[in-house]
1. If you take the residues of region 77-127 that are among the charged types (D, E, K, R) and in contact with a Lys or Arg (Cβ under 8 Å, 6 or more places away or on another chain), which of them is surrounded by the most Cβ atoms within 10 Å (Cβ to Cβ)?
2. Return the residues of region 88-146 that are among the small types (G, A, S) and farther than 26 Å from A22 by Cα; say none if nothing qualifies.
3. Test A152 against the stated conditions and say whether it is under 19 Å from A9 (Cα atoms) and either within 15 Å of the chain's Cα centre (by Cα) or modelled with pLDDT under 90 (or both).
4. Going by the conditions given, is A35 touching a Ser or Thr at 6+ places or on another chain (Cβ under 6 Å) and small (G, A, S)?
5. State yes or no: is R80 within 24 Å of T40 (Cβ to Cβ), among the basic types (K, R), touching a Gly at 6+ places or on another chain (Cβ under 9 Å) and at pLDDT 95 or above?
6. Looking only at residues in region 17-32 that are of a type outside the set (D, E, K, R) and more than 14 Å from the chain's Cα centre (by Cα), which one is nearest to G60 (Cα to Cα)?
7. Any idea how many residues of region 33-76 are more than 27 Å from V131 (Cβ to Cβ), of a type in the set (V, I, T) and either surrounded by 13 or more Cβ atoms within 10 Å (Cβ to Cβ) or touching an Asp or Glu at 6+ places or on another chain (Cβ under 7 Å) (or both)?
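The values are calculated or read from the model by the stated rules, or taken from the named source; none is laboratory data. As the structure is a computational prediction, the values presented were derived from the model and not from experiment. Using ideal geometry, Cβ is built from the backbone for each residue, glycine included, and neighbour counts are taken over all protein chains shown.
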Amino acid sequence: MTVTAVRVAQVSDVPQLVALMAEFYAESGYPLPQAAAIRTFHALLADERLGRVWLIECDGEPAGYVVLTVSFSIEYGGLRGFVDDLFVRKRFRRGGLAAAALAEVRNACVALGVRALFVESDPDDEGAQRVYRRSGFASSNRLLLTASLAPAVHEADISDTDQEQ
């Protein structure tokens, strides 16, 4: 398996990104309202201040994607990044693609002046945690708590969001 590219995604990649996101969400049993996912990728790709999206390609095929979001942190005295999504298709796993994508994210963070990089992992997903640890992530001994102010993309009313296309 050869990594053809871990490249910054463009607006023209949105259909591939949404298809990959649907695969990712399906693995966790979440539906993916297409219109909401399309809007989300367009919003992020339209404003580089919010972060970046990379498409992972292997042997000319879309193999996965990674999303970095960026915000300001008082604690770190500057920008912090968050690996919001990292997905590699099952048939491409265990070939170093996630590590290559995380290296690209790290390089971009250094160039952007990001002072800390975070990732969230399912506590039972030991495979993902191994990938993250090998890429330099460690437990901060802090608990990530969430106060949802709007439904997550997979919780959106599919009938409402898909009509907006």
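1. Looking at residues that are among the charged types (D, E, K, R) and in contact with a Lys or Arg (Cβ under 8 Å, 6 or more places away or on another chain), I get R80.
2. A111, G113, A116, G136, A138, S139, S140
3. no
4. yes
5. Taking the combined requirement at face value, the residue does not satisfy it.
6. Step by step, filter region 17-32, then rank; the result is A26.
7. Total meeting the criteria: 1.
Yes/no matrix, rows are residues, columns are (1) of a type in the set (D, E, K, R); (2) over 15 Å from E155 (Cα atoms); (3) in contact with a His (Cβ under 9 Å, 6 or more places away or on another chain); (4) at pLDDT 95 or above:
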position	(1), (2), (3), (4)
T2	no, yes, no, no
A5	no, yes, no, no
Q16	no, yes, no, yes
L45	no, yes, no, yes
I56	no, yes, no, yes
D59	yes, yes, no, no
